[in-house]
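Okay, structure first, notes after.
The values are calculated or read from the model by the stated rules, or taken from the named source; none is laboratory data. Since we're looking at a predicted model, the values are computed, not measured. Don't worry about glycine lacking a Cβ; one is built from the backbone with ideal geometry, like all the others, and counts go over all protein chains shown.
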2 protein chains.
Amino acid sequence: MEFNPITPEILAEIINVTGSDHTFFEKDDLFRFSHDETEDLHFYPEVVALPKSAEEVSELVKICSNNQIPITPRGAGTSLSGGALPLHGGLVICMERMNQLIEIDERNLQATAEAGLITQVLMTAVEEKGLFYPVDPASKGSCFIGGNVSHSSGGPQVVKYGTIREYILNLQVVLPSGEIIWTGANTLKFSSGYNLTQLFIGSEGTLGIVTKIVVKLIPKPAENMVMLASFPSNESACEAVSAIFRAGQTPSSLEFIERKGIEWVMEHDSISFDLVDGIEAFLLIQVDGDNQDSLFQQCEKINVVLEENGCTDVLLADTTAQKEALWSMRRLVAVSVKSNSIYKEEDTVVPRAELPKLIKGIKEIGKKYGFESVCYGHAGDGNLHVNIIKSTMTDEEWNTVLPHGITEIFNLTVALGGTISGEHGIGYVQKGYLPLKFSATHIDLMKGIKKVFDPKGIMNPGKIF
Amino acid sequence: MEFNPITPEILAEIINVTGSDHTFFEKDDLFRFSHDETEDLHFYPEVVALPKSAEEVSELVKICSNNQIPITPRGAGTSLSGGALPLHGGLVICMERMNQLIEIDERNLQATAEAGLITQVLMTAVEEKGLFYPVDPASKGSCFIGGNVSHSSGGPQVVKYGTIREYILNLQVVLPSGEIIWTGANTLKFSSGYNLTQLFIGSEGTLGIVTKIVVKLIPKPAENMVMLASFPSNESACEAVSAIFRAGQTPSSLEFIERKGIEWVMEHDSISFDLVDGIEAFLLIQVDGDNQDSLFQQCEKINVVLEENGCTDVLLADTTAQKEALWSMRRLVAVSVKSNSIYKEEDTVVPRAELPKLIKGIKEIGKKYGFESVCYGHAGDGNLHVNIIKSTMTDEEWNTVLPHGITEIFNLTVALGGTISGEHGIGYVQKGYLPLKFSATHIDLMKGIKKVFDPKGIMNPGKIF
């Protein structure tokens with residue numbers, strides 16, 4: 001695709017829509033829109049506009065469509081696959097001013113939000129009404145719900161409550177033509193033609209810009225319990241994961257952390273934790289429900305399974321503070337690695353009983369190619385995040401050898417019935433690996449769909465394929 | 001689209017794939033493939049082939065593609081919107097010989113089935129292993145899982161367990177070109193490009209033919225309880241529905257039946273039931289879980305809400321036989337109406353708190369246009385089935401006046417935030433109404449997607465749009 005630069009005349013048209021206070025074009029102002037949370041990548045847009053309404057988004061898109069200007073839709077910039085990087089310059093349309101929680105409909109257990117609402121703000125607001133929106137990515141305190149939709153984001157509670165696909169009922173989107181449509185209906189079920197709501201989920205801003213979102217809410221469970229289980233090896237911890245479900249138990253979260261993850265957190269975040277010799281991996285397990293006795297029974301049943309699978313110690317969090325301490329340790333793993341080293345993050349996902357083979361394979365591949373990794377993630381979903389650390393690797397090794405290692409990791413993931421991203425998306429940094437999972441025919445179908453929505457190719461170009 | 005007839009030469013090619021025992025072309029043999037369960041509509045195919053494998057399906061599709069022959073994929077023929085009607089003749093590819101349950105993977109809580117497996121067979125097989133596949137349409141004893149996928153089918157347990165979209169992990173499909181692909185991965189999460197699995201769900205056989213299906217399983221809940229609640233009016237019963245969820249309770253089923261529905265069952269199926277004067281509507285409520293005490297508590301909490309909303313009597317089923325009797329009464333409603341009158345069935349769905357307005361409106365529209373209706377359905381999902389009975393209407397009224405009444409029903413549905421089909425699909429009989437819900441732009445996007453997959457337009461032509 002050929003694109004045009006944003007001329008002073010086009011800039012004036014953009015400013016006419018979003019106003020000079022909410023239109024940036026000086027290099028200093030553009031810096032924060034030149035990157036997301038993907039490695040240390042930077043691409044500068046020519047202009048950034050911060051619209052306040054779908055109508056303003058529509059006007060901006062029409063200007064770009066008329067002038068063949070590339071558009072990069074942007075949420076909070078927490079993406080981990082380069083989805084928000086403006087590879088071709090052009091216009092970034094950032095949703096941060098479209099941050100209203102429009103309605104909590106308690107009669108229908110639904111909420112309507114603008115795409116720029118922070119996920120945690122939505123969660124807290126509905127919890128105050130006894131309701132629950134369970135899709136909580138680790139970045140929930142800063143990420144936007146629109147970005148969650150675009151990346152089919154997950155989080156620790158998917159394992160019990162289902163994916164974001166089950167909670168997104170309807171989307172208002174601005175198409176690459178500038179037209180505004182609602183993709184579906186505000187209903188729990190839909191069998192009325194192709195489901196464009198589902199097609200937009202995970203489409204990474206390549207088909208249009210999500211502006212409003214109707215989500216399903218459920219009653220908030222009254223109680224929860226949190227346990228931390230210690231294991232002598234990664235494989236034994238991973239074996240326990242599928243055994244828990246086979247025993248008929250469905251925790252509300254089931255997270256894996258390897259020892260090295262806890263070590264990074266202890267070193268960089270001054271968290272004190274009694275890290276016993278010989279312990280190599282942990283499972284953080286939460287159960288929830290309305291009846292405390294049932295939860296105790298569930299914990300006991302899970303305990304039996306843990307012991308059968310080599311667990312050497314279980315810590316049951318007694319207080320809210322203790323629960324929060326365990327959860328924050330889990331959430332800090334990624335942050336510690338990212339703040340203190342050059343890294344790449346992979347988002348492998350396999351059928352959950354294949355986790356032991358996956359983690360064993362990843363460590364072997366690391367040895368073969370000379371890279372260190374810290375693994376953690378949503379083990380209950382079979383979703384393992386692999387943070388690869390540059391450490392002592394040379395730039396040469398990092399740039400030319402490591403990709404072969406990542407290819408091997410993804411080939412293993414696919415061979416185990418999995419795929420190369422469970423919840424982070426393909427974006428810019430993983431697109432070269434997509435053919436490891438899908439045939440040319442398959443990718444051509446995706447490209448064909450893209451062309452139906454975006455014949456000019458202006459919407460988030462260079463992402464996914 | 002222009003299509004060619006099946007010549008003797010082409011028939012010979014087809015027979016070469018499926019053999020003369022599994023290829024039909026005599027009128028008597030074609031009769032059962034000329035209709036589904038949609039009204040009394042009949043369209044004859046020219047040829048019916050019953051393949052035994054995806055490879056055979058692929059061969060058949062290639063023959064049709066090479067010769068511009070229309071293909072109608074067919075499951076068990078239980079569709080309610082004419083999805084399986086061969087409108088343009090051509091070839092019916094019926095999946096009934098592809099009925100194998102290939103694997104129950106207890107380690108991963110997944111099963112793999114051929115598309116022609118009967119849904120109940122899958123459910124029973126996994127239940128024997130303590131597992132649960134909760135997507136159970138009323139026709140579960142005869143419908144095929146492939147048809148369920150193609151129509152985004154639901155059933156009474158969606159309200160707690162989520163839609164079929166949450167349980168279908170991966171699909172093997174034969175594309176209109178004859179190529180065979182898997183649409184996704186055998187994983188609980190997927191963020192690896194456009195989700196073709198989700199696109200195929202509800203696409204009604206217009207994008208390709210589903211041949212194998214990987215489903216997610218969950219642990220089977222140990223206990224359940226069933227209640228039948230009586231109400232003096234449709235509106236009070238429907239008001240109670242959303243009140244139950246607002247009170248923090250999530251039943252595993254929450255079904256609505258109006259008095260007339262029970263009367264039809266009593267008259268035509270010799271079911272004895274003490275139908276008290278003044279009772280106009282019923283809610284059939286099921287709760288399930290692993291702890292009987294919790295279920296009792298849940299029933300008590302629901303009871304309080306029922307009483308607050310005008311419920312006059314609650315019958316708690318004591319025995320398995322009594323539970324089954326109540327459920328069979330619910331399931332017989334549609335069967336009674338369909339076996340004993342000319343009818344049309346609509347599949348309205350709205351946000352659940354709008355149900356009282358929907359049912360009131362439907363009855364008013366019925367009075368205005370002179371038609372009688374029997375309403376029942378998955379009230380917990382806001383999904384109301386409306387069986388319209390011909391009764392004393394003339395053919396003229398039925399054919400020319402009634403469509404205006406249906407248009408009003410759908411306009412009301414859409415105005416309440418709903419859509420024209422929740423789980424039956426658009427197929428042939430509802431496609432004229434699709435523009436009541438979606439703009440021309442929206443429908444053009446759907447048509448564009450269709451064209452990407454099926455540029456020759458041979459796959460289930462004349463359905464959806």
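Of note:
- Odd one out for B:Leu80, checked against (1) part of a loop (DSSP other than H, G, I, E, B); (2) within 14 Å of another protein chain (Cβ to nearest Cβ); (3) surrounded by fewer than 24 Cβ atoms within 10 Å (Cβ to Cβ): (3)
- B:Gly193 touching a Leu at 6+ places or on another chain (Cβ under 9 Å) and at pLDDT 95 or above: yes
Residue by residue, here is whether (1) in contact with a Phe, Trp or Tyr (Cβ under 6 Å, 6 or more places away or on another chain); (2) on the phi > 0 side of the Ramachandran plot; (3) modelled with pLDDT under 95; (4) more than 10 Å from every other protein chain (Cβ to nearest Cβ) holds:
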site	(1), (2), (3), (4)
B:Ile426	no, no, no, no
B:Gly432	no, no, no, yes
B:Pro435	no, no, no, yes
B:Ile443	yes, no, no, no
B:Phe453	no, no, no, no
B:Lys456	no, no, no, yes
B:Ile464	no, yes, no, no
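- For the range B:368-394, a tally of residues being closer than 18 Å to B:Leu412 by Cα and either of a type in the set (Asp, Glu) or within 14 Å of chain A (Cβ to nearest Cβ) (or both) returns 8.
- Listed by first and then second residue, the pairs with beta-carbon distance under 7 Å, at least 6 apart or on different chains, first residue in the range A:302-325 and under 14 Å from A:Gln286 (Cα atoms), second part of a helix (DSSP H, G or I) and among the basic types (Lys, Arg), are A:Ala317/A:Lys323.
- Check on A:Ile257, under 29 Å from A:Glu127 (Cα atoms), outside the structural domain of A:Glu324 (by TED's automatic domain parsing), of a type in the set (Val, Ile, Thr) and at pLDDT 95 or above: no
- Residue among A:Ala243, A:Ala237 that alone is of a type in the set (A, V, I, L, M) and buried (at least 24 other Cβ atoms within 10 Å of the Cβ): A:Ala237
- Wholly enclosed helices (runs of 4 or more DSSP H) of the range B:187-269 bearing at least 1 residues more than 14 Å from chain A (Cβ to nearest Cβ), over 20 Å from the mean Cα position of the chain (by Cα) and among the hydroxyl-bearing types (Ser, Thr, Tyr): B:234-246
- The listed residues are A:Asp105, A:Asp136, and the only one of them that is at pLDDT below 95, farther than 19 Å from A:Val17 by Cβ and either assigned by TED's automatic domain parsing to the domain that holds A:Asp290 or touching a Pro at 6+ places or on another chain (Cβ under 9 Å) (or both) turns out to be A:Asp136.
- For beta carbons closer than 8 Å, sequence separation of 6+ or different chains, a first residue in the range A:239-266 that is closer than 24 Å to A:Gln297 by Cβ and touching a residue at least 12 places away in the same chain (Cβ under 8 Å) and a second that is of a type in the set (Asp, Glu) and surrounded by 20 or more Cβ atoms within 10 Å (Cβ to Cβ), the qualifying pairs are A:Ser252/A:Asp288.
- Checking each residue in the range A:139-159 for being modelled with pLDDT of 95 or more, within 10 Å of chain B (Cβ to nearest Cβ) and either in a loop (DSSP other than H, G, I, E, B) or more than 17 Å from A:Val349 (Cβ to Cβ) (or both) picks out A:Ser150, A:Ser152, A:Ser153.
- Members of the range A:335-364 that are closer than 26 Å to A:Thr250 by Cβ and within 14 Å of chain B (Cβ to nearest Cβ): A:Asp347, A:Thr348, A:Val349, A:Val350, A:Pro351, A:Arg352, A:Ala353, A:Glu354, A:Leu355, A:Pro356, A:Lys357, A:Leu358
- Check on A:Leu101, surrounded by fewer than 24 Cβ atoms within 10 Å (Cβ to Cβ) and under 30 Å from B:Leu355 (Cα atoms): yes
- Residue in the range A:170-184 that is farthest from A:Glu55 (Cα to Cα), counting only those that are of a type outside the set (S, T, N, Q), facing chain B (nearest Cβ under 10 Å) and in contact with a helix residue (DSSP H, G or I) (Cβ under 7 Å, 6 or more places away or on another chain): A:Gly184
- When the residues of the range A:102-123 are filtered to those that are assigned to a helix (DSSP H, G or I) and of a type outside the set (A, V, I, L, M), the one that is nearest to the other protein chains (Cβ to nearest Cβ) is A:Thr119.
- Failed item in (1) more than 12 Å from every other protein chain (Cβ to nearest Cβ); (2) touching a Ser or Thr at 6+ places or on another chain (Cβ under 8 Å), with B:Val126 passing the rest: (2)
- Output for the range B:264-318, where each listed residue is crowded, with 16+ Cβ neighbours inside 10 Å and of a type in the set (Ser, Thr, Tyr): B:Ser294
- Residues that are free of Cβ contacts under 8 Å to residues at least 40 places away in the same chain, of a type in the set (A, V, I, L, M) and away from chain B (no Cβ under 14 Å) within the range A:396-424 comprise just one, A:Val401.
- Of all residues making up the range B:1-32, the number that are among the aliphatic types (A, V, I, L, M) and either in a loop (DSSP other than H, G, I, E, B) or in contact with a helix residue (DSSP H, G or I) (Cβ under 8 Å, 6 or more places away or on another chain) (or both): 5
- Extreme residue, farthest from A:Leu188 (Cα to Cα), among residues of the range B:387-396 that are touching a helix residue (DSSP H, G or I) at 6+ places or on another chain (Cβ under 8 Å) and surrounded by fewer than 23 Cβ atoms within 10 Å (Cβ to Cβ): B:Met393
- Of the numbered criteria (1) within 27 Å of B:Val386 (Cβ to Cβ); (2) buried (at least 16 other Cβ atoms within 10 Å of the Cβ); (3) touching a helix residue (DSSP H, G or I) at 6+ places or on another chain (Cβ under 8 Å); (4) hydroxyl-bearing (Ser, Thr, Tyr), the one B:Ser339 fails is (2).
- Scanning the range B:275-334 for residues that are small (Gly, Ala, Ser), closer than 26 Å to B:Ile359 by Cα and either within 14 Å of chain A (Cβ to nearest Cβ) or not in a helix (DSSP H, G or I) (or both) returns B:Gly278, B:Ala281, B:Gly310.
Conditions tested, residue by residue: (1) in contact (Cβ under 8 Å) with a residue 40 or more places away in the chain; (2) in the same structural domain as A:Gly89 (by TED's automatic domain parsing); (3) under 27 Å from the mean Cα position of the chain (by Cα).
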residue	(1), (2), (3)
A:Thr18	yes, yes, no
A:Glu26	no, yes, no
A:His35	yes, yes, yes
A:Tyr44	yes, yes, yes
A:Glu55	yes, yes, no
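- Verdict on A:Lys390 being among the charged types (D, E, K, R) and within 16 Å of A:Thr348 (Cα to Cα): no
- A residue that is among the polar types (S, T, N, Q) and surrounded by fewer than 23 Cβ atoms within 10 Å (Cβ to Cβ) cannot be found anywhere in the range B:126-139.
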